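Presented below is the structure to which this report refers.
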Amino acid sequence: MPNTSRSLPEGIEDHTRFQERIWRAQRWAWVGFAAILIAALFGALGRGGPLSQQETKLAGGSLELPIITRWNAPDELRVFFLPSSSDRRFVVDPDFLTIFSIESIEPPQEATDYENGRIGYVFPADAIAASKVILRLQTQKPGLRSFRIGIGQDVVERSVIVLP
């Protein structure tokens, strides 16, 4: 429908309403792009930022593990052991190893065992100081994945989102 408020040359149609819809769509696209950028800065798209990690407090210490990570990308799981006069044991269920492969453990474990359906990594006792163990991981499969993880007998269920 021609706009009679403006005079256009003969044969030229007025597409103002269409152009305004295009501009509106562009503004919404910029808002969406800004939201994605802010989400990435806070770690909602994986690796780094406060939204990409979770801390779990347990009786024998705490765990810092990814909430959101990327498929086929390296990541870390940090285990903090409290001082203890007996050996410290970090445990995962076999589902953990279908989500992540463990590339390295620093410092290396003294022993590895399998008990009550869980894989245990045993570290030396230290009655005076707390210690930190870093597991360097590589993700295996994308999707929402759940597993059980813990220190000693204190085991919790956690989930991770592995983005493609």
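The values are calculated or read from the model by the stated rules, or taken from the named source; none is laboratory data. Computed from a predicted model, the values in this text were never measured in an experiment. Virtual Cβ from ideal backbone geometry, glycine too; neighbours counted across all protein chains shown.
What to note about this one:
- Hits in the stretch 82-101 (condition: closer than 14 Å to residue 149 by Cα and either of a type outside the set (Lys, Arg) or touching a Lys or Arg at 6+ places or on another chain (Cβ under 7 Å) (or both)): 90, 91, 92, 93, 94, 95, 96, 97, 98, 99, 100
- Candidates 156, 133, filtered to the one that is in the same structural domain as residue 96 (by TED's automatic domain parsing) and under 19 Å from residue 86 (Cβ atoms): 133
- Taking the criterion of being more than 15 Å from residue 57 (Cβ to Cβ) and surrounded by 18 or more Cβ atoms within 10 Å (Cβ to Cβ), the residues of the stretch 78-97 that qualify are 84, 88, 89, 91, 92, 93, 96.
- Being touching a Gly at 6+ places or on another chain (Cβ under 7 Å) and among the hydrophobic types (A, V, I, L, M, F, W, C) is a condition met by at least one residue of the stretch 131-154.
- Residue in the stretch 55-71 that is among the hydroxyl-bearing types (Ser, Thr, Tyr) and surrounded by fewer than 11 Cβ atoms within 10 Å (Cβ to Cβ) present: no
- Any hit, the stretch 98-117, residues being in the same structural domain as residue 152 (by TED's automatic domain parsing), closer than 16 Å to residue 158 by Cβ and assigned to a helix (DSSP H, G or I): yes
- Criterion: hydroxyl-bearing (Ser, Thr, Tyr), at pLDDT 90 or above and either surrounded by fewer than 18 Cβ atoms within 10 Å (Cβ to Cβ) or at positive phi (or both) - qualifying residue of 146, 131: 146
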